[in-house]
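The values are calculated or read from the model by the stated rules, or taken from the named source; none is laboratory data. A quick note: this is a predicted structure, and the numbers were derived from the prediction, not measured. In this analysis, Cβ positions are derived from the backbone assuming ideal geometry, glycine residues included, and neighbour counts consider all displayed protein chains. Just so you know, the surface numbers come from the protein's heavy atoms only, side chains and all, with ligands and any DNA or RNA stripped out. Shrake-Rupley method; radii C 1.70, N 1.55, O 1.52, S 1.80 Å.
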Amino acid sequence: SSVTDVFTMFYGCSSLLSVPLFNTSNVTKIASMLNGCSALTYIPLFNTSKVTNMNFMCYNCTNVQSGALALYNQVSTQASSPSHTSTFTNCGSNTTAGAAELAQIPSSWK
């Protein structure tokens, strides 16, 4: 609960199938956390209330089936939007459900 930076925590873990929901209540930098986790199928709804940087967070998580849209919806309603360059680029692009979620996320997040 005291961690503030999970930058590149699972970066490039192409065989990672799932990530547990853990306490991110004090995290400010979540950038590239799941970048390249191409086998991942679900993105947990992490607490993003203090996040200021989520650039490339879910970049190339091509097999995600769900979770991206819920995460986007949560973050986009926060009082202050974090930096989000390519946060969801190709996230879910290889799955029907994931591609449908990706289509609902604005291009400025991809």
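Here are a few things to note about the model shown:
- Scan of the range 42-59 for residues that are open to solvent by 40 Å² or more (accessible area, probe 1.4 Å) and either more than 10 Å from the chain's Cα centre (by Cα) or among the small types (G, A, S) (or both), ordered by number: N47, S49, K50, T52
- Among (1) in a loop (DSSP other than H, G, I, E, B); (2) at pLDDT 95 or above - the single one A79 does not satisfy: (2)
- Test: L17 is open to solvent by 60 Å² or more (accessible area, probe 1.4 Å), in a loop (DSSP other than H, G, I, E, B) and at pLDDT 95 or above: yes
- Total residues in the range 65-96 satisfying the condition of being of a type in the set (S, T, N, Q), open to solvent by 30 Å² or more (accessible area, probe 1.4 Å) and more than 19 Å from M33 (Cβ to Cβ): the figure is 4.
- Checklist (1) surrounded by 15 or more Cβ atoms within 10 Å (Cβ to Cβ); (2) among the aliphatic types (A, V, I, L, M); (3) touching a strand residue (DSSP E or B) at 6+ places or on another chain (Cβ under 9 Å); (4) without any contact (Cβ under 8 Å) to a residue 40 or more places away in the chain applied to A99, failing item: (3)
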